[in-house]
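The values are calculated or read from the model by the stated rules, or taken from the named source; none is laboratory data. Here the structure is a predicted model, which means the values were calculated and not measured. Note that each Cβ is placed from the backbone with ideal geometry, even for glycine, and that neighbours are counted across all protein chains shown. Just the protein is used for accessible areas: all its heavy atoms, side chains included, with ligands, DNA and RNA removed. Shrake-Rupley method; radii C 1.70, N 1.55, O 1.52, S 1.80 Å.
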Amino acid sequence: GASTTIAQYVLPPLLGSFIGKFPQVNLSLLNGNSREIEAALQEHRIDLGLVEGVFRLPNLKYTTFLEDELVAVVHSKSRLQLPEEITPQDLPAIPLVLRERGVKLSSLHVLMYLGSTESIKLFLENSDCMGIVSIRSICKELAAGTFRVVEIKDMPMLRDFCFVQLQGQEGGLSQAFMNYMF
């Protein structure tokens, strides 16, 4: 099982090459948010989880495999005139679209919460606001010049992507996949 960003932007090429190397393996992927993936693991519906975020459950073992960064982005044709770098104090004046209601700053001007990164990207193409998404989800658009990153001074938004397993459940296909990714 994998949380949304990992399932959409990190795993597909890795799963493709893994299956290419081990064609006899039969895999399926459950997609959900990190909490849903942890619950599926605890209910023995999946053997291995890949999650984002920092909240940790004590009966699960977390192993970091990749660092991710959330970035502020605007569409390159947006009428929202933002410099290349802003300060955290500038944020309340900027209309935002976010994926989840996890941000604690009540002073933010959130226009909308959308359930997926792809929805945010499409929304940004048709609105004058700023979104916050994983850098991994926007690489092609940055290269094409469709979007640009707006740096937020002294406000890094880093997070870890982690394997998550039940304590004491190491080994087997899950371990083979983890080893393949390292």
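Ignoring trypsin sites (Lys or Arg not before Pro) that are buried or in helix or strand per DSSP, and keeping those with at most 14 other beta carbon atoms within 10 Å, what is the longest stretch of the chain between them? Answer from the scan: 105-152.
With P(r) over Cα pairs in 10 Å bins from 0, in percent as the read-out, I listed [x] 9, 33, 34, 21, 4; [y] 9, 34, 30, 19, 8, 0; [z] 9, 35, 33, 15, 7, 2, 0; which label goes with the value calculated from this structure? The value matching this structure is [y]. Looking at the chain, the accessible area is 55 square angstrom per residue; that uses a 1.4 Å probe and ignores ligands, DNA and RNA. Reducing the range 145-182 and the range 26-68 to their Cα centroids gives an inter-centroid distance of 11 Å.
The charge dipole of the chain, taken about the Cα centre with unit charges on the Cβ atoms of Lys, Arg (+1) and Asp, Glu (-1), comes to about 220 debye, rounded to the nearest 20.
If the only charges are +1 at each Lys and Arg Cβ and -1 at each Asp and Glu Cβ, what is the size of the charge dipole of the range 1-78 around the Cα centre, to the nearest 20 debye? Present the calculation step by step, with values, prior to reporting the outcome.
Details: 6 positive and 8 negative charges, 24 e Å.
About 120 debye.
Expressed as a whole percent, the accessible area of the chain that falls on carbon and sulfur atoms is 53 (1.4 Å probe).
The GluC sites (Glu not before Pro) of the range 51-97 meeting both criteria, a DSSP state outside H, G, I, E and B (loop) and at most 15 other C-beta atoms within 10 angstrom of the site's C-beta, are GLU84. Extending 7 Å from the Cα toward the beta-carbon at both MET181 and ASN26 defines two label points whose distance is 2.3 nm. Computed extension gain for GLU67 through MET155, at 0.36 nm per residue and net of the alpha carbon distance, reaches 30.1 nm. Antiparallel beta bridges, as assigned by DSSP with both residues in the chain, represent about 65 percent of the total such bridges. In loop segments of the range 86-182 as defined by DSSP, the GluC sites (Glu not before Pro) with at most 14 further C-beta atoms inside 10 Å of their C-beta are GLU100, GLU170. Placing pseudo-labels 7 Å out from each Cα toward the beta carbon at LEU122 and HIS44 gives an inter-label distance of 4.0 nm.
Just going by the charge dipole of the chain, with Lys and Arg at +1 and Asp and Glu at -1 on Cβ, which of LEU48, LEU30, MET112 is farthest out on the positive end? In the chain, that residue is LEU30.
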